[in-house]
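Engineer: Before I ask anything, let me first share the structure, which is written out below as structure tokens.
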Amino acid sequence: MEFGWNEEQRLWRQAVRDFAQSEIAPRVREIDQEERIPPEIIKGMARMGLLAPLCPEEYGGAGMDWTMAAIAAEELGRADISLAVPVLYLVEAAWGFVFEQYGPPELKAEVLPRVTAGEAFLGIATTEPEGGSDILGACRTKAVKDADGWRLNGEKVYISGVRESLEMGGIHLLLARTDPDPEAGHRAFTFFGLPLKGTPGLTPTFFEDMGRMGISTGGFALEDVRLPAEHQVGELNRGFYYAMEGFSAARVLIGATCVGAAEAVLDMGIDHIKERKAFGRPLAAYEGISFPLADHYANLESTRLLVYKGAWTLDQKYGPGTRTHHDIALIAALAKLRAPRVGFGIMNEVADWFGAMAYTKEAPVEMGIRAIRSYSIGAEGTSNIMRLIITRELLGTEFLPYRY
Ligand SMILES: Cc1cc2nc3c(=O)[nH]c(=O)nc-3n(C[C@H](O)[C@H](O)[C@H](O)COP(=O)(O)OP(=O)(O)OC[C@H]3O[C@@H](n4cnc5c(N)ncnc54)[C@H](O)[C@@H]3O)c2cc1C
């Protein structure tokens, strides 16, 4: 067993940290207030190989493994605690990987080089107004095939990157029901590469989020939207399984980014409690302050181990070894359950240390609190859905009251 980093990993972490601390960290408040990621940052990410980084070089990608991708996610979270840049990064990393694995060659050749160059967006659209957790029950968007290709009707909501996709172009991987038979269960859904920009029949909507303001959350209604047959991604009726692969990968990267952001905030808190005095002594001298610091640090370090075990497990599956889908789903759920909650706990504690300043925009902590909450509330699966996956793996499906 090896807990250290090899030379390549160390150099990569340093390179991403240098880039992120100099180009992104000084602009986080601006990103939060202007509600967009400046194009120069996206271009810089492209130059660093940070856009859809698992894609092979033929598409302009860096051909990275998951451990390297998680290192980058952690460093981007450390630099941008508002989590806008990390969200852009990890959505494209995880779903770019799925698209590269299963997408049709012509569509990949059209879309991926533009995504890796920072000229197009690639996102995921599974959630619907009836709910995001229960995909089987709630996915009403239908795709029907005819002589001209696919016809889509339905609605997706709470989708990251709708504005970016409308402005830049690109695709969202859209999950739609392709088998109307209720008995088809998980084998009823197919993935499609849906361009949002310039698609007739598509009506976008936008939500006003509480955090991660630099990347949009929106939705879209689909009314008789036509897609060529070649926009089907992967096999017919296998979309649910591809979605689960993408979610597991995204959950590990989310874990890494939450760890990075939480550590950045903890470091700010440590600097503050060493400096700030009350009753004649630095705050750090009071055990009411320093003991919670110890507990939070223990939580952070154990979460980091889970996250990198998750990345390692993904690398075994997609690298030379073999790990089962169940191993990956379990470790990814553990990382996604822990990291946002541990991170939120740290940020909440550090807010106390900063006193009133934490409640103002003079201190950055509030951006982190608003942002990290998204990951236990919902994005890429709620905390309870992580618990559901963990209990499914521990107890077996026969103890679930429904299909999952
Ligand atoms: C900022 C943000 C960005 C997002 N980006 C995307 C995106 O890019 N693409 C996309 O497709 N979706 C996206 N989502 C949606 C996200 O996937 C959903 O929010 C999530 O799946 C939960 O769905 P829901 O919000 O409909 O909640 P629901 O599914 O209605 O769940 C509501 C509550 O009930 C709980 N619950 C549900 N079932 C059970 C159960 N069996 N046992 C116990 N508790 C249960 C849930 O844990 C939750 O607390 C995003 C969400 C957010 C907040």
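Engineer: Evaluate the following for A351: is it surrounded by 17 or more Cβ atoms within 10 Å (Cβ to Cβ), assigned to a loop (DSSP other than H, G, I, E, B), of a type in the set (A, V, I, L, M) and more than 11 Å from the ligand (Cβ to nearest atom)?
Structural biologist: On the way: surrounded by 17 or more Cβ atoms within 10 Å (Cβ to Cβ): yes; assigned to a loop (DSSP other than H, G, I, E, B): no; of a type in the set (A, V, I, L, M): yes; more than 11 Å from the ligand (Cβ to nearest atom): yes.
Judged against the criteria, A351 is not a match.
Engineer: Identify, please: which residue in the range 125-150 is part of a strand (DSSP E or B) and aliphatic (A, V, I, L, M) and is, among those, nearest to the ligand (Cβ to nearest atom)?
Structural biologist: Looking at the filtered set, the residue picked out is A125.
Engineer: Select from the range 32-74 the residues that are in contact with an Asp or Glu (Cβ under 7 Å, 6 or more places away or on another chain) and under 27 Å from M367 (Cβ atoms) and write down the one among them that is surrounded by the fewest Cβ atoms within 10 Å (Cβ to Cβ).
Structural biologist: Result: G44.
Engineer: While we're looking at this one, here's another question. Within the range 372-404, restricting attention to residues that are surrounded by fewer than 14 Cβ atoms within 10 Å (Cβ to Cβ) and outside any helix (DSSP H, G or I), which residue is farthest from the ligand (Cβ to nearest atom)?
Structural biologist: Of everything passing the filter in the range 372-404, G396 is farthest from the ligand (Cβ to nearest atom).
Engineer: Any idea which of A229, A250, A262, A243 is away from the ligand (no atom under 13 Å from the Cβ), open to solvent by less than 10 Å² (accessible area, probe 1.4 Å) and touching a residue at least 24 places away in the same chain (Cβ under 8 Å)?
Structural biologist: A262
Engineer: Being of a type in the set (D, E, K, R), assigned by TED's automatic domain parsing to the domain that holds L51 and surrounded by fewer than 24 Cβ atoms within 10 Å (Cβ to Cβ) narrows it down to one of E106, E128, so name that one.
Structural biologist: On inspection, the qualifying residue turns out to be E106.
Engineer: Scan the range 151-169 for residues that are assigned to a strand (DSSP E or B), open to solvent by 10 Å² or more (accessible area, probe 1.4 Å) and away from the ligand (no atom under 12 Å from the Cβ) and jot them down.
Structural biologist: Hits for the range 151-169 are R151, N153, G154.
Engineer: Could you tell me whether any residue of the range 3-18 is outside any helix (DSSP H, G or I), exposed (fewer than 12 other Cβ atoms within 10 Å of the Cβ) and hydrophobic (A, V, I, L, M, F, W, C)?
Structural biologist: Scanning the range 3-18 turns up at least one residue that is outside any helix (DSSP H, G or I), exposed (fewer than 12 other Cβ atoms within 10 Å of the Cβ) and hydrophobic (A, V, I, L, M, F, W, C).
Engineer: Residue under question is R323, and the condition is that it be touching a residue at least 60 places away in the same chain (Cβ under 8 Å), touching a Leu at 6+ places or on another chain (Cβ under 9 Å) and not β-branched (V, I, T); does it hold?
Structural biologist: no
Engineer: Kindly list the number of the only condition in (1) within 16 Å of the ligand (Cβ to nearest atom); (2) part of a strand (DSSP E or B); (3) touching a residue at least 60 places away in the same chain (Cβ under 8 Å) that fails for F97.
Structural biologist: Looking at each condition in turn, F97 falls short on (2).
Engineer: Out of curiosity, is S216 polar (S, T, N, Q), outside the structural domain of G131 (by TED's automatic domain parsing) and out of contact with any strand residue (DSSP E or B) (no Cβ under 6 Å at 6 or more places or on another chain)?
Structural biologist: No: the conditions fail for S216.
Engineer: With respect to the numbered conditions (1) at pLDDT below 95; (2) away from the ligand (no atom under 12 Å from the Cβ); (3) crowded, with 24+ Cβ neighbours inside 10 Å, which one is the sole condition not fulfilled by F189?
Structural biologist: (1)
The values are calculated or read from the model by the stated rules, or taken from the named source; none is laboratory data. Bear in mind the structure is a predicted one, so any value in this text is a computation, not a measurement. Quick reminder, even Gly has a Cβ in these numbers, built from the backbone with ideal geometry, and neighbours come from all protein chains shown. Please note that ligands, DNA and RNA were not included when accessible areas were found on the heavy atoms of the full protein model with its side chains. Shrake-Rupley method; radii C 1.70, N 1.55, O 1.52, S 1.80 Å.
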